[in-house]
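Okay, structure first, notes after.
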Amino acid sequence: MQGKFWFLATLVLGTCAFFAAQPLHAQCKVIWVLKVPCLKVEEALVNQIQQWTTSAGCVTEGEKCQYELISANHTQIIAKHTTALDRNVDIMHFYLKSDILNLNCRLVGISASQNLERVHDNGTNYCNIYNLVDGSGLTSVPEFKEISNDWMCTQRSIANCTLV
Ligand SMILES: *[C@@H]1O[C@H](CO)[C@@H](O)[C@H](O)[C@H]1NC(C)=O
Ligand SMILES: *[C@@H]1O[C@H](CO)[C@@H](O)[C@H](O)[C@H]1NC(C)=O
Ligand SMILES: *[C@@H]1O[C@H](CO)[C@@H](O)[C@H](O)[C@H]1NC(C)=O
């Protein structure tokens, strides 16, 4: 029942974002509802960021490289990503909120280009946060739910996260 509530609540939020204006510069906000305690989510994301700090993966793994952990605690994770090709810097914030029984975690990921003149990003800001959630295995938890669209994320529909 808790899970249903969270899903409905995020659906409403997602729909509001849908009617809001498109982002002015390249950025992305995604909402995930995960049937995993937030502590596990925090651990998974922090580990993944730390595994992808080097430039090594940039050659073979698209943008799964050059992440940098800025800070992390039980409610918020802040990280930085530098794109391989044009060295564009994006800052990411993850907000974690547990349900009352600590069974589900509502995760909001936000990524924004530091360069305010960057309007198009081929979905890179979406991939910045999606790749961490996917790489850390969170996309395969049961009843995985994600809310994202082109209004919440610049060029979401053309994003190819294996590539960008
Ligand atoms: C978690 O980190 C954020 C960002 O650094 C900070 O604003 C917030 O106060 C911290 N929360 C706790 C409970 O330490
Ligand atoms: C998006 O992709 C196209 C085609 O690969 C490329 O020409 C363009 O420079 C890219 N734009 C950005 C902002 O990365
Ligand atoms: C993304 O790009 C890779 C590498 O070019 C390609 O193999 C894959 O089919 C693309 N995926 C989608 C969904 O377009």
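The values are calculated or read from the model by the stated rules, or taken from the named source; none is laboratory data. Treat the numbers as computed from the prediction; the structure is a model and nothing was measured. When we count neighbours, we look across all protein chains shown, and the Cβ atoms used for this are built from the backbone with ideal geometry, even at glycine. Keep in mind that these areas ignore ligands, DNA and RNA; they rest on the heavy atoms of the full protein, side chains included. Shrake-Rupley method; radii C 1.70, N 1.55, O 1.52, S 1.80 Å.
Quick check on packing: order 91-104, 148-161, 25-38 by the mean number of other C-beta atoms within 10 Å, highest mean leading.
Those peptides, ordered most packed to least, come out 25-38, 148-161, 91-104.
Could you tell me the relative contact order of the stretch 23-158? Use alpha-carbon pairs under 8 Å, at least six residues apart, and round to a whole percent.
Computed value for the stretch 23-158: 36 percent relative contact order.
Using a probe of 1.4 angstrom, how much of the accessible area of the stretch 28-118 is carbon and sulfur, in percent?
54 percent
Just check the stretch 119-158 against the gyration tensor rule for me: Cα atoms, a ≥ b ≥ c as the square roots of the eigenvalues, rounded for a/c under 1.5, and otherwise prolate or oblate depending on whether a/b exceeds b/c.
Judged from the Cα gyration tensor, the stretch 119-158 comes out oblate (a/c at least 1.5, b/c at or above a/b).
In nm, give the distance between the simple-model label positions of Thr53 and Thr162, each being 7 Å from the Cα along the Cα-to-Cβ direction.
Output for this residue pair reads 3.0 nm.
Over the stretch 23-158, how many pairs of lysines fall under 16 Å by alpha carbon, counting only those 8 or more apart in sequence or from different chains?
The number of close lysine pairs in the stretch 23-158 is 8.
Could you provide, to the nearest whole Å², the per residue accessible area of the stretch 23-158 with probe 1.4 Å?
Heavy-atom accessible area per residue stands at 48 Å².
Report the one residue of Phe144, Gly109, Ser98 whose Cα lies farthest in the direction of the positive end of the charge dipole of the stretch 60-160 (charges on C-beta: Lys and Arg +1, Asp and Glu -1; origin at the Cα centre).
Value computed over the given set: Ser98.
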